[in-house]
Amino acid sequence: MSRKVKLAAADRVYRLKTDKAPLSYMLSSRNTKRYPLLWYDEEENVNKPLRYAINQKSPFEDEQDGNAVIEPIIFENGFLNVPKNNPVLQEFLYYHPMNGVAFEEVNNERDAQEEVEYLTTEVDALIRARELSIEQLETVYRVLFNRDVSRVTTAEMKRDVLIYARNYPGAFLQSLEDPMLHLQSQVHIFFDMGLLGFRNGNKEVWYSTPTNKKKMMNIPYGEDPYVLVAMYLKTDEGVEALKMLEHHLENV
C-alpha cells in the first residue's frame, strides 16, 4: 500500500502468523538503522520512517513533535488487542512493513470464507478419491506413495489415498489433473517389472530388457528418479525408448 488511508473507528485484534506463537513477542516500534521501519508514500515519493509513540497523533516520525514517548508493542500468546481509542497504534500496525508477513489483523469474515473454501476443496478431493476406478487408484497410488501396488490390497490403497486426499486436498486434486500422472505410473511399472533398474546406490537408471542393457541416465542428488525418467520419456529422444519399454511390458 502506498497511499494513506483513514481507518474506521473500531476495536481491532491482531495475531502472529505462526503455527506456534511464543508467550510474548515484541514487535519493533521505531525506525532504526538496524531495523528500518519505512513506508513508501506514493503521493510524496518518499520513504517515511515509522515510530509508535503513545502521546502522538501520527505514526510517522516526521509528523511527530520532539517529545515522543515510545511504548513497546507486545503480542501476548500470539495476539494483540488494540481498542478504537488508540487509533495511532492501529495506523502504525497498518503501515508496518511486517503487516501480512509476521502478523495480520484478525478478520472473522475472511477467516470463515477461507475455511469454507478449504472445506469445499477437502470434500471435492474426497469425492474424487472415492470415485477412482481400480486402474486410476493404482495409478495414483504408485505416484503418490512410490510403492508396488501388487504388495498392497485394494482396501489399503483406498484408505491411504482417501487419507492423503483429506490431509492434502489441493495437492491431491492438482495431481489428478497432472498430464504426467499416467506416465509416472508407467515408469513405476517399468521398474516393478524389472524393465528398468537402479545401480550405483540408486544414482543411475539402466535399461534391463532382453534387447537393451545400457544406462539411461544419472540421477542428481535429491531428485526424484521417477519424475526424471518420465520427463525423459516425453522428449523426442525418449519417445522411442518409451515405445520399446511398452512393447516389452506387453510381453512380460
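Values in this text are rule-based calculations from the coordinates and carry no lab data. Nothing here was measured: the structure is a model prediction, and the numbers come from that model. FYI the Cβ positions are ideal-geometry reconstructions off the backbone, even for glycines, and counts take in every protein chain you see.
Table for the structure above
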read-out: Which listed residue is under 13 Å from V229 (Cβ atoms) and either in contact with a Ser or Thr (Cβ under 6 Å, 6 or more places away or on another chain) or not charged (D, E, K, R) (or both), from L195, L137; value: L195
read-out: Residue in the stretch 222-232 that is acidic (D, E) and touching a residue at least 12 places away in the same chain (Cβ under 8 Å) present; value: no
read-out: In the stretch 226-252, the residues that are closer than 18 Å to S175 by Cβ and either over 36 Å from the mean Cα position of the chain (by Cα) or in a helix (DSSP H, G or I) (or both); value: Y226, V227, L228, V229, A230, M231
read-out: From the options F190, F172, residue that is touching a residue at least 24 places away in the same chain (Cβ under 8 Å), of a type in the set (F, W, Y) and closer than 18 Å to L242 by Cα; value: F190
read-out: Matching residues, the stretch 121-154, being in a helix (DSSP H, G or I), surrounded by 11 or more Cβ atoms within 10 Å (Cβ to Cβ) and of a type in the set (S, T, N, Q); value: T121, Q136, T139, T154
read-out: Residue satisfying condition, being of a type in the set (A, V, I, L, M) and within 25 Å of P225 (Cβ to Cβ), within set M157, M98; value: M157
read-out: Test: residue in the stretch 111-120 that is small (G, A, S), part of a helix (DSSP H, G or I) and within 30 Å of R12 (Cα to Cα); value: yes
